[in-house]
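Student: Structure incoming, see below.
The values are calculated or read from the model by the stated rules, or taken from the named source; none is laboratory data. Please read all numbers here as calculations on a predicted model, not as lab measurements. Heads up, the Cβs are rebuilt from the backbone with ideal geometry, glycines too, and the neighbour counts pull from every protein chain shown. The area values use the complete protein model at the heavy-atom level, side chains included, leaving out ligands, DNA and RNA. Shrake-Rupley method; radii C 1.70, N 1.55, O 1.52, S 1.80 Å.
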Amino acid sequence: MDHSGHGMTMDLPPFTLGRGLQWSADPFFLVACLLGLGLYAYGVVRLRRRGDAWPVGRIVSYVVGVLTVMLMMCTKLNDYGMVMFSVHMVQHMVISMLSPILILLGAPVTLALRALPAAGKGRKGPRELLLALLHSRYMRIITHPAFTIPLFIASLYALYFTPIFDFLMGSRTGHIAMMVHFLAVGVVFFWPIIGVDPGPHRPGYLMRMLELFAGMPFHAFFGIALMMASTPMVETFKNPPASLGIDALSDQNAAGGIAWAFSEIPSVLVLLALLFQWYGSEQRQARRKDRAADRDGDKELEAYNAYLASLNARGN
């Protein structure tokens, strides 16, 4: 197995959290994360200068989301993840199920639409191109549950239980492509469910919860399959370096436990976000109804006063 480009991956000492969190940046993810943070900050500053507010909660959520990606890909965790199934599984779970949720709760698309200037009449600028993409048939397909749920499931089973995984892990480029894929799958799966940013599909709250729970059990089953296996199932992790002092099967069982346990975290996070959104939506609706009732009441009062005035005029 060629691990070129990943530093001294083969001579890593036994894993400890302290060692795992040491700085070891992957250039691609470092540049991508810094660019993502920079563009978001630019959008927020632009809005503030214009006198528009942008919720602090969204800023915190987005920044933490991007930092979780950096934590997984720009520390020694990434080096250990090349030779330890358990560490790789932490990377996979965080990047596909935690980072996308936090990034989406930061509403980056909404921020871009509000911060980007509108092009002149008949011209197309970045804002118009983004709107066209949001309303395109392509976006309708890739955010539809009939596409996102099978893709979410296939990213586990079709990847780990076929030679595709070993092929991708054989090079730095393949490894980066896999991690980008995990992040993208997480984003398209959770985007319609969380529903902060505009998108082609915006089902009701109950449907969103059903979509969420349709994908999660498969993660648990995948974890159980790894935990129950009596032999190492993934070629890449069959012969861990002796310097790590780990047993391949025990490490695989730990990876299975991580996959099984982690499916609960996004479920709880998304469920809380949905309940807050639902409550907020009900409150807004109630306020709209109250305002409408007030207007109707005012109209009735005006009509009654006009009627009294007409009676008074007739009496005179």
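Student: Looking only at region 219-245, which residues are crowded, with 17+ Cβ neighbours inside 10 Å and assigned to a helix (DSSP H, G or I)?
Tutor: 219, 222, 223, 225, 226, 236, 237, 244
Student: Please specify each residue of region 43-54 satisfying the condition of being at negative phi and open to solvent by 60 Å² or more (accessible area, probe 1.4 Å).
Tutor: 45, 46, 48, 49, 50, 53 - these are the residues of region 43-54 that are at negative phi and open to solvent by 60 Å² or more (accessible area, probe 1.4 Å).
Student: Among the residues in region 57-70, are any over 29 Å from residue 220 (Cβ atoms) and loosely packed, with under 15 Cβ neighbours inside 10 Å?
Tutor: The answer is yes, given that some residue of region 57-70 is over 29 Å from residue 220 (Cβ atoms) and loosely packed, with under 15 Cβ neighbours inside 10 Å.
Student: Now, a different point. Which condition does residue 298 not pass, out of (1) farther than 29 Å from residue 96 by Cβ; (2) of a type outside the set (Lys, Arg); (3) modelled with pLDDT of 75 or more; (4) surrounded by 10 or more Cβ atoms within 10 Å (Cβ to Cβ), if it passes all the others?
Tutor: All conditions are met except number (3).
Student: Would you confirm whether any residue within region 182-190 is surrounded by 16 or more Cβ atoms within 10 Å (Cβ to Cβ), of a type in the set (Phe, Trp, Tyr) and in contact with a Pro (Cβ under 6 Å, 6 or more places away or on another chain)?
Tutor: Yes; the residues of region 182-190 include at least one that is surrounded by 16 or more Cβ atoms within 10 Å (Cβ to Cβ), of a type in the set (Phe, Trp, Tyr) and in contact with a Pro (Cβ under 6 Å, 6 or more places away or on another chain).
Student: Give the residue, chosen from 193, 176, that is of a type outside the set (D, E, K, R), surrounded by 17 or more Cβ atoms within 10 Å (Cβ to Cβ) and under 23 Å from residue 74 (Cβ atoms).
Tutor: 176
Student: Hey, among 77, 34, 39, which residue is in a helix (DSSP H, G or I), over 28 Å from residue 276 (Cα atoms), of a type outside the set (Val, Ile, Thr) and modelled with pLDDT of 95 or more?
Tutor: One residue alone meets the criteria, 34.
Student: List, please: which pairs have Cβ atoms under 9 Å, are six or more places apart or on different chains, and start with a residue in region 88-115 that is touching a residue at least 40 places away in the same chain (Cβ under 8 Å) and closer than 16 Å to residue 212 by Cα and end with one that is open to solvent by less than 10 Å² (accessible area, probe 1.4 Å) and not in a helix (DSSP H, G or I)?
Tutor: Every condition considered, the pairs that remain are 93/263; 97/263; 104/197.
Student: I need the helices (runs of 4 or more DSSP H) fully contained in region 98-164, keeping only those with at least 2 residues that are surrounded by fewer than 20 Cβ atoms within 10 Å (Cβ to Cβ).
Tutor: 108-115, 126-134, 137-142, 145-160
Student: What's the number of the only condition in (1) under 30 Å from residue 71 (Cβ atoms); (2) touching a residue at least 60 places away in the same chain (Cβ under 8 Å) that residue 154 fails to meet?
Tutor: Exception for residue 154: condition (2).
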